[in-house]
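What follows is a single structure, written as structure tokens, with notes after it.
FYI, it's all coordinate maths here, none of it is from the lab. None of the values given here were measured: they were computed from a predicted structure. Using ideal geometry, Cβ is built from the backbone for each residue, glycine included, and neighbour counts are taken over all protein chains shown.
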């Protein structure tokens, strides 16, 4: 697994459940800035993974 469970949950909530960073922060009981940080890091990991495996 290349991204952590919290990151997966944040990506799921943001893109598939259409939740805002504020809504996610309230649900997970963490700061909005923390949500944004984890979202950016997870998206970067996904981007890098896709680049590495684009010819498969």
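Summary table below
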{"quantity": "Structure-based [θ]222 nm, the chain - -39500 (n - 2.57) summed over DSSP H runs of at least 4, per residue, nearest 500", "calculated": "-20000 deg cm²/dmol"}
{"quantity": "Relative contact order of the chain, pairs being alpha-carbon contacts under 8 Å that are 6 or more residues apart, as %", "calculated": "36"}
{"quantity": "Kirkwood-based shape ratio for the stretch 5-52, expressed as Rg/Rh from alpha carbons", "calculated": "1.00"}
{"quantity": "Segment residue 16-residue 50, extension gain: residue separation times 0.36 nm, minus the distance between their alpha carbons", "calculated": "10.3 nm"}
{"quantity": "Helix axis angle, 32-52 relative to the chain longest principal axis, alpha carbon, degrees", "calculated": "10"}
{"quantity": "Highest average packing first - 25-33, 5-13, Cβ atoms within 10 Å", "calculated": "5-13, 25-33"}
